[in-house]
Each structure stands twice: as C-alpha cells, then as structure tokens.
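J.: First, the structure itself, so that you have it in front of you.
The values are calculated or read from the model by the stated rules, or taken from the named source; none is laboratory data. This one's a predicted model, so the numbers in the text were calculated from it and none came from an experiment. Cβ sites come from the backbone with ideal geometry, for glycine too, and all protein chains shown count toward neighbours. The area values use the complete protein model at the heavy-atom level, side chains included, leaving out ligands, DNA and RNA. Shrake-Rupley method; radii C 1.70, N 1.55, O 1.52, S 1.80 Å.
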Amino acid sequence: QVQLVESGGGLVQAGESLRLSCAASGSFIMINTMAWYRQAPGNQRELVAAIRSGGSTNYADSVKGRFTISRDNAKNTVYLQMSSLKPEDTAVYYCNADIWAVGAKRGMDYWGKGTLVTVSS
C-alpha cells in the first residue's frame, strides 16, 4: 500500500523559515509529479508548488521567490523550503504525488494527511 507521510509543520513567526518533507513508502514502480497543496480555513485547497520527475517546477504566484520545492528521488521524498513566511501562509499543507503502484495499470493520485503550518504576525 502506497503512503505519503508529511513532516515539518509547526508554529513560526512572520519572516521565519520552515521546511516540510514528504516521504513516499510502499510498493511502486515510479513516482511522477510530486506537489504541495495547502488549504486555509474557509478556503479551497490550492496548489502551492509542483515538481516533475525530470526536475521542472512550477509555483503559485503567491509563493514565487519565497518557497522552493525539491525532491530526492533516491529517498522518494519531496521537500518544500518556505522562507519569509507570512500570516497568510497559515494552512494545512498536503503532499500529493502521482504514483504508479505495483499491480496498477497506471499512475494514480495519492495524498498525505496534511501538516499544519501556522505563521503568527
């Protein structure tokens, strides 16, 4: 069974940095795109950043220049380095990955349970 487990959330002050990690485990053939989403109270879940297997990335306009997504394919892990954090970055951050599990006919979307990031002003 494929699982995504996030870590690294917490409470920080505005202007500080935080790094999130998400590790994939289980039996799979390959991991395609990995991404981070977030959902603030009362808001819809939104894409924060994504990174493809080849390394290309894209970011939400609101985090460009402040957040950096990266991945370690040997560890099946994706990271989100968040700098210059703002109170409006407060949200539950979810890891997402397109993973081709063993026995599956194609890649499927998997989600972590989320990790809370709170930025105080």
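J.: Name the pairs: first residue in the stretch 58-75 and farther than 15 Å from Ser25 by Cβ and in a strand (DSSP E or B), second residue among the aromatic types (Phe, Trp, Tyr) and open to solvent by less than 60 Å² (accessible area, probe 1.4 Å), Cβ to Cβ under 6 Å, at least 6 apart or on different chains?
T.: From the stretch 58-75, the pairs are Ser70/Tyr79.
J.: Just checking, how many residues over the stretch 1-36 are of a type in the set (Gly, Ala, Ser), open to solvent by less than 30 Å² (accessible area, probe 1.4 Å) and under 21 Å from Asp89 (Cβ atoms)?
T.: 3
J.: Would the stretch 7-22 turn up any residue that is part of a strand (DSSP E or B), more than 14 Å from Met82 (Cβ to Cβ) and under 11 Å from the mean Cα position of the chain (by Cα)?
T.: No, the stretch 7-22 contains no residue that is part of a strand (DSSP E or B), more than 14 Å from Met82 (Cβ to Cβ) and under 11 Å from the mean Cα position of the chain (by Cα).
J.: When you scan the stretch 56-69, do you find a residue that is acidic (Asp, Glu), touching a strand residue (DSSP E or B) at 6+ places or on another chain (Cβ under 6 Å) and over 14 Å from Leu116 (Cα atoms), even just one?
T.: No; the residues of the stretch 56-69 include none that is acidic (Asp, Glu), touching a strand residue (DSSP E or B) at 6+ places or on another chain (Cβ under 6 Å) and over 14 Å from Leu116 (Cα atoms).
J.: Among the numbered conditions (1) exposed (fewer than 12 other Cβ atoms within 10 Å of the Cβ); (2) at negative phi; (3) without any contact (Cβ under 8 Å) to a residue 60 or more places away in the chain, tell me where Lys113 comes up short.
T.: Unmet for Lys113, out of (1) exposed (fewer than 12 other Cβ atoms within 10 Å of the Cβ); (2) at negative phi; (3) without any contact (Cβ under 8 Å) to a residue 60 or more places away in the chain: (3).
J.: State all residues of the stretch 78-95 that are open to solvent by less than 10 Å² (accessible area, probe 1.4 Å) and within 10 Å of the chain's Cα centre (by Cα); if no residue qualifies, say none.
T.: Those that are open to solvent by less than 10 Å² (accessible area, probe 1.4 Å) and within 10 Å of the chain's Cα centre (by Cα): Val78, Leu80, Tyr93, Cys95.
J.: How many of the residues making up the stretch 37-57 are open to solvent by less than 50 Å² (accessible area, probe 1.4 Å), assigned to a loop (DSSP other than H, G, I, E, B) and either at positive phi or in contact with a Leu (Cβ under 9 Å, 6 or more places away or on another chain) (or both)?
T.: 1
J.: Out of the residues in the stretch 97-121 meeting the condition of being in contact with a Ser or Thr (Cβ under 8 Å, 6 or more places away or on another chain) and not in a loop (DSSP other than H, G, I, E, B), tell me which one is farthest from Glu46 (Cα to Cα).
T.: Top of the filtered list is Ala101.
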